Amino acid sequence: MEEEEHVEELEEMLDIAEHWTMELPKWVVTVDGIKKRKYVLVLDALELLIVEHIFELKKMNQSQMGMWYKSVFGTALQACSKAMRSAINRYNDAAIVLDPPMPRLTWEQVVEYVFLADFDILRNTHVDMQLKLWTRPVYRLAIDCYFKILCACEEIKCLNIEIC
């Protein structure tokens, strides 16, 4: 009862005439908005993990990448996979409470999206990811070239050691 008294005091101080209950239309609209906001946040987090995973896979497949880098990326991919499973669970929890409920995702679906680089399943977001600079092929090509240069520098160091 103590909480109710505090709420009543606060409502009186703020001059709130109408006490909110679950039947009020304002309550329903607010709860619906909270559910949608949570869904969008979870969706953004999942999409970010998928994009990170795609880039990690792309780095792993770059030619002449040193073994040390491959082992580091392998570890990162394992951690990313655990994070993605957790994000999928959070997504499914948020998707089911919406009205109407959004479709549930499985690990297999997400992995398929990752390998196809087809993460447009998340079209219902408030941000269009295709407007981001990093989605353009020119920028991705520049990133690939940068990492090839890094690998070449490492390879030169290894070759110099072998020559000596």
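Looking only at residues in segment 1-46 that are assigned to a loop (DSSP other than H, G, I, E, B), of a type in the set (A, V, I, L, M, F, W, C) and out of contact with any Phe, Trp or Tyr (no Cβ under 7 Å at 6 or more places or on another chain), which one is nearest to Thr106 (Cα to Cα)? Before you say what the answer is, go through the steps one by one.
Within segment 1-46, the first condition is being assigned to a loop (DSSP other than H, G, I, E, B), and the residues that meet it are 1, 14-24.
Still in the running and of a type in the set (A, V, I, L, M, F, W, C): 1, 14, 16-17, 20, 22, 24.
Restricting the remaining residues to those that are out of contact with any Phe, Trp or Tyr (no Cβ under 7 Å at 6 or more places or on another chain) gives 1, 14, 16-17, 22, 24.
Values: Met1: 44, Leu14: 47, Ile16: 46, Ala17: 47, Met22: 33, Leu24: 36 Å.
Here the answer is Met22.
Can you pull out the residues in segment 17-28 that are at pLDDT 85 or above and surrounded by 10 or more Cβ atoms within 10 Å (Cβ to Cβ)?
Leu24, Lys26, Trp27, Val28, listed by residue number.
Would you confirm, using the coordinates I've provided, whether Leu150 is surrounded by 13 or more Cβ atoms within 10 Å (Cβ to Cβ) and either hydroxyl-bearing (Ser, Thr, Tyr) or modelled with pLDDT of 90 or more (or both)?
yes
Contact list please: Cβ distance under 8 Å, first residue in segment 31-53 and without any contact (Cβ under 8 Å) to a residue 40 or more places away in the chain and surrounded by fewer than 20 Cβ atoms within 10 Å (Cβ to Cβ), second residue part of a helix (DSSP H, G or I) and not small (Gly, Ala, Ser), pairs at least six apart or on different chains.
Glu52/Cys80
The values are calculated or read from the model by the stated rules, or taken from the named source; none is laboratory data. Predicted model only: the values in this text are computed from it and were never measured. Cβ: placed from backbone, ideal geometry, glycine included. Neighbour counts: every protein chain shown.
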